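S.K.: Let me begin by handing over the structure; questions about it come next.
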Amino acid sequence: MEEMKTKTNADGLTVLHVVSSLGYEDFVSYFIKLDTGMINKTDAKGNTSLHLASINGHLDIVKLLVEDGRNVHILNTDQLSPFFYACENNIIAVVNYLINLPNDVVKINEKYMTRENKSVLHITCMKGYTKLTKILLNQNATVDVQDKGGLTPLHLACLEGQYDTASLLLKAGANVNGSDNLGITPVYYACTGNRQKIVQLLIENKANINKSASNDSTPLHAACEKESTDIVNILLQKGSKVDAQEKSGDTPLHLACRNGNEPIVKLLIDKNASINAKAKDKMRPFHEACKHGHRNVVDILWKNDVNFEKQNVQGWTGLFFSCANGNSDIVKMILSRKTDINRTDKDGLTALHVACMNNHKDVVITLLEKKANINLKDVHRETPLYKACVNGNIEIVKILLSKCAKDKISGTSGLSPVDIATKKGFSDIVALLNNAQI
């Protein structure tokens, strides 16, 4: 028996650890009487028998261990206490017992370093443990306690969609507009998680829906980014600033157009969102829709008289983006209006250059049908034919040659189309060019 008291397994568990974990009350009582010193023995992870009994919800064993002198504050190697584990695992009976020990031995507002300085209230709220949250609040848990990232229990409840614990926190006086270290409020987190009921709850409790994060992003931005149509509608009805800009300059409409979300785009435009708003890189909502090939959104902007000739900082218009992505339908739509088909960007590229560079044969055909200049050179003195030869796209080379593309002059690289095709080993293209006397 003496050997059993001191013997441990590979995990450092004593016999008292084992019987405490399994809930064998009689054996626990027996071994405690045999040697009270076993109570404070720790396993390889620093857990005492009380840790294991608390994790597994064995209240009677918890009482035995505490009553026999167990220090409830001992932390394991993860710096976590038995009380923390009881809260994390929603063991209400054990929590109640430990909280009501005399002399306030349980530190209800203690922060746990290995849990990003969260308190037990953070844990119960993010997990949706309503009864346990109520117990902690009744025991004067700090309602707006912040973790390492500045997050309060309300932030976490909103992020995880825990309506009931969020409601309890608000009734207990939680700061509905508190910001974490990134300047993010509970309502912003609710929007990122598409938590419609919680958004409504927060608004009813006077949440500031226009309070922006450190990057100037608002809850409306978050809802548009996550494509939460119902939340976008709620925010707009409650007075969200429709043209608020993030530090990047993006408005909610930029995000909705980027995602191709037709219902949200319509909601924003119905609230008079600026369809020509520009970001810091001079990107417009129309650019985003064209860049990502969202024909349905392009149609909406088109019907609302978008200025489709606007350029971004590189000099690209919606036509450039559509040519880059090979969206023939959008290209044809833009070309149906009066537009400068030979406009150049900062590098001297035309829409035809871009289509050739990205191997979009159908777009090349469309541009040529609309009389795009086939022989314009970019800042490197390279023509669309040169770009097609670089890529080895024989079909586009054939199309360009059929339209009398001429390019014997070398670019700044010192290579002509024949030279570059030869260098890259495109023998079929070399033959075509030689036959065309290029």
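The values are calculated or read from the model by the stated rules, or taken from the named source; none is laboratory data. Every value quoted in this text rests on a predicted model; they were computed, and no experiment measured them. FYI the Cβ positions are ideal-geometry reconstructions off the backbone, even for glycines, and counts take in every protein chain you see.
S.K.: Listed residues HIS360, HIS353, HIS380; which is surrounded by fewer than 16 Cβ atoms within 10 Å (Cβ to Cβ) and either within 29 Å of HIS294 (Cβ to Cβ) or in contact (Cβ under 8 Å) with a residue 12 or more places away in the chain (or both)? Walk me through it before giving the result.
M.R.: On the way: HIS360 fails: surrounded by fewer than 16 Cβ atoms within 10 Å (Cβ to Cβ); HIS353 fails: surrounded by fewer than 16 Cβ atoms within 10 Å (Cβ to Cβ).
Answer to the check: HIS380.
S.K.: Among the residues of region 387-407, is any assigned to a helix (DSSP H, G or I), modelled with pLDDT of 95 or more, touching a Lys or Arg at 6+ places or on another chain (Cβ under 6 Å) and surrounded by 17 or more Cβ atoms within 10 Å (Cβ to Cβ)?
M.R.: Yes, region 387-407 contains a residue that is assigned to a helix (DSSP H, G or I), modelled with pLDDT of 95 or more, touching a Lys or Arg at 6+ places or on another chain (Cβ under 6 Å) and surrounded by 17 or more Cβ atoms within 10 Å (Cβ to Cβ).
S.K.: Do you know which residues across region 281-304 are among the basic types (Lys, Arg) and closer than 14 Å to ASP243 by Cα?
M.R.: Quick first cut of region 281-304, residues among the basic types (Lys, Arg) only: 282, 284, 291, 295, 303.
The answer is ARG284, and nothing else.
S.K.: Considering each of GLU225, GLU262 in turn, give the residue that is over 18 Å from GLN196 (Cα atoms) and either surrounded by fewer than 24 Cβ atoms within 10 Å (Cβ to Cβ) or β-branched (Val, Ile, Thr) (or both). Outline the logic, then answer.
M.R.: Details: GLU225 fails: over 18 Å from GLN196 (Cα atoms).
Going through GLU225, GLU262 in turn, just one is over 18 Å from GLN196 (Cα atoms) and either surrounded by fewer than 24 Cβ atoms within 10 Å (Cβ to Cβ) or β-branched (Val, Ile, Thr) (or both): GLU262.
S.K.: Sticking with this one: ILE365: at pLDDT 95 or above, β-branched (Val, Ile, Thr) and out of contact with any Cys (no Cβ under 9 Å at 6 or more places or on another chain), yes or no? If you could, list the steps in order and put the result at the bottom.
M.R.: Details: at pLDDT 95 or above: yes; β-branched (Val, Ile, Thr): yes; out of contact with any Cys (no Cβ under 9 Å at 6 or more places or on another chain): yes.
Yes, satisfied.
S.K.: Residues being crowded, with 18+ Cβ neighbours inside 10 Å and of a type outside the set (Val, Ile, Thr): count how many of those fall in region 130-146.
M.R.: The total comes to 5.
S.K.: Let me ask something else about it. Limited to region 237-276, what total is found for residues that are over 13 Å from ALA222 (Cα atoms) and of a type in the set (A, V, I, L, M, F, W, C)?
M.R.: Total meeting the criteria: 7.
So that you can scan it fast, the table gives a plain yes or no per residue for (1) assigned to a helix (DSSP H, G or I); (2) under 35 Å from the mean Cα position of the chain (by Cα); (3) surrounded by 14 or more Cβ atoms within 10 Å (Cβ to Cβ); (4) modelled with pLDDT of 95 or more:
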{"residue": "LEU65", "(1), (2), (3), (4)": "yes, no, yes, no"}
{"residue": "ARG70", "(1), (2), (3), (4)": "no, no, yes, no"}
{"residue": "HIS73", "(1), (2), (3), (4)": "no, no, no, no"}
{"residue": "ASN76", "(1), (2), (3), (4)": "no, yes, yes, no"}
{"residue": "PHE84", "(1), (2), (3), (4)": "yes, yes, yes, yes"}
{"residue": "CYS87", "(1), (2), (3), (4)": "yes, yes, yes, yes"}
{"residue": "ASN96", "(1), (2), (3), (4)": "yes, no, yes, yes"}
{"residue": "ASN103", "(1), (2), (3), (4)": "yes, no, no, no"}
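S.K.: Shifting gears a bit: Could you check region 375-396 and list, in sequence order, the residues that are basic (Lys, Arg) and within 41 Å of the chain's Cα centre (by Cα)? Steps first, answer last, please.
M.R.: Taking region 375-396 first, the residues basic (Lys, Arg) are 377, 381, 387.
Scanning region 375-396 gives a single hit, LYS387.
S.K.: Further, regarding this structure: Tell me yes or no: at least one residue of region 188-205 is part of a helix (DSSP H, G or I), buried (at least 22 other Cβ atoms within 10 Å of the Cβ) and β-branched (Val, Ile, Thr).
M.R.: Residues of region 188-205 that are part of a helix (DSSP H, G or I), as a first pass: 188-192, 196-204.
Next cut, buried (at least 22 other Cβ atoms within 10 Å of the Cβ) only: 188-191, 198-199, 202.
Narrowing further to those that are β-branched (Val, Ile, Thr): 198-199.
Yes, region 188-205 contains at least one residue that is part of a helix (DSSP H, G or I), buried (at least 22 other Cβ atoms within 10 Å of the Cβ) and β-branched (Val, Ile, Thr).
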